[in-house]
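*Asks:* Got a structure here, written out as C-alpha cells. Questions coming.
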Amino acid sequence: MERLFCLPAWMSLIYTLDLIGTFVFAISGLRLAAKKEMDLFGATVVAFVTAVGGGTTRDILIGSTPVSWMQDIAYPIAILAALPFTLVFKKYIVNLKRTFFIFDTIGIALFTISGMQKGLMFDLHPSLAMVMGMVSATVGGVIRDILCNEIPLIFRKEIYATACLLGALVYYLLDAYSSLNSNYSYLITVSVIISIRILSIKFHWSLPKMK
C-alpha cells in the first residue's frame, strides 16, 4: 500500500514542529477570519495562506519545488483539522486577543526553526538561513492580515520579525558552538522567541522609527 505521508529528509522533530506550526497558524488565520465574519470558504482560504504562505515563499526563494505542502498531504490535513477545532472551541479562540497572540507567537517560533533548518539543508550561508527562518515565520501572517484588511503585525511597532531573527541567531549559535542535544536547542530557541514577544508587549519595546 502506498504511503500518503512521506517524511522529509530532515529530522523528524523539525517535521513535527513544522506540522504543529502549520496547525497553529491555520488557527490564527481562522480566528481573524471569524472576527471579520467571513464564510467557511473564505475562512479556509485565509487559514491556508496563513499556514503555508511563509513556507511557500521560502521554498520558491531557495528553489525547492514543488513546495513542501504540495509534496506531503499531512500539511493540508493539518490545516483542515484546524477548522473543526476552531469551531468547537470558538468561544475560547475567536474573541480573545490573548489567545490570538499565543497561537501567533507559537507559530512564528516553530516556523523560524523549521525555515532556518531548510535553508541550512540547501547550503545557504547561516545569515541567509536565518532570513529564511524569518520569511517562513512572518510572510503567512502578512498575507493573512492583508486579506483581512489589517495592518500586518510585521509592520507595526511590535517586536515581531526581529524576535524571529534573534531566535534564529540563538539557534545557530547553540547548534554550531555548543554540545547541547539538538532537541534542547529547539526548545531554547522557541522559548527565546516567545519570551521576546511577551516581554516586548509587556514593556512596550519597539524598534526606532524612521525620521
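Every number in this text was worked out from the coordinates using simple rules, so none of it is lab data. Note that the structure is predicted; figures quoted are calculated from it, not measured. No Cβ is skipped: glycine too gets one built from the backbone with ideal geometry, and neighbour counts run over all protein chains shown.
*Asks:* Pick from the range 62-84 the residues that are in contact with a helix residue (DSSP H, G or I) (Cβ under 7 Å, 6 or more places away or on another chain) and not small (Gly, Ala, Ser): which of them is nearest to residue 35 (Cα to Cα)?
*Replies:* My answer is 83.
*Asks:* Residues of the range 68-96 being within 18 Å of residue 110 (Cβ to Cβ) and not in a helix (DSSP H, G or I), which ones?
*Replies:* 72
*Asks:* Being in contact with a Leu (Cβ under 8 Å, 6 or more places away or on another chain), loosely packed, with under 14 Cβ neighbours inside 10 Å and within 23 Å of residue 100 (Cβ to Cβ) is the filter here; which residues of the range 68-89 pass it?
*Replies:* none
*Asks:* Follow-up question, since we're still on this one. Are any of the residues in the range 82-94 within 17 Å of the chain's Cα centre (by Cα) and in contact (Cβ under 8 Å) with a residue 40 or more places away in the chain?
*Replies:* yes
*Asks:* Within the range 23-43, does at least one residue satisfy the condition of being farther than 19 Å from residue 118 by Cα, surrounded by 14 or more Cβ atoms within 10 Å (Cβ to Cβ), touching a residue at least 60 places away in the same chain (Cβ under 8 Å) and polar (S, T, N, Q)?
*Replies:* Among the residues of the range 23-43, at least one is farther than 19 Å from residue 118 by Cα, surrounded by 14 or more Cβ atoms within 10 Å (Cβ to Cβ), touching a residue at least 60 places away in the same chain (Cβ under 8 Å) and polar (S, T, N, Q), which makes the answer yes.
*Asks:* Could you please give the count of residues in the range 182-200 that are exposed (fewer than 14 other Cβ atoms within 10 Å of the Cβ) and either in contact with a helix residue (DSSP H, G or I) (Cβ under 6 Å, 6 or more places away or on another chain) or more than 21 Å from residue 115 (Cβ to Cβ) (or both)?
*Replies:* Counting residues in the range 182-200 that are exposed (fewer than 14 other Cβ atoms within 10 Å of the Cβ) and either in contact with a helix residue (DSSP H, G or I) (Cβ under 6 Å, 6 or more places away or on another chain) or more than 21 Å from residue 115 (Cβ to Cβ) (or both) gives 1.
*Asks:* Still on this structure: Which one of 166, 110, 153, 174 is surrounded by 17 or more Cβ atoms within 10 Å (Cβ to Cβ), under 26 Å from residue 65 (Cα atoms) and of a type in the set (A, V, I, L, M, F, W, C)? It would help to see each step written out before you state the result.
*Replies:* Values: 166 fails: under 26 Å from residue 65 (Cα atoms); 153 fails: under 26 Å from residue 65 (Cα atoms); 174 fails: under 26 Å from residue 65 (Cα atoms).
After applying the criteria, what remains is 110.
*Asks:* Now for a different question. So, of the residues in the range 111-150 that are in a loop (DSSP other than H, G, I, E, B) and touching a residue at least 12 places away in the same chain (Cβ under 8 Å), which turns out to be nearest to residue 176 (Cα to Cα)?
*Replies:* Per the stated criteria, the residue is 124.
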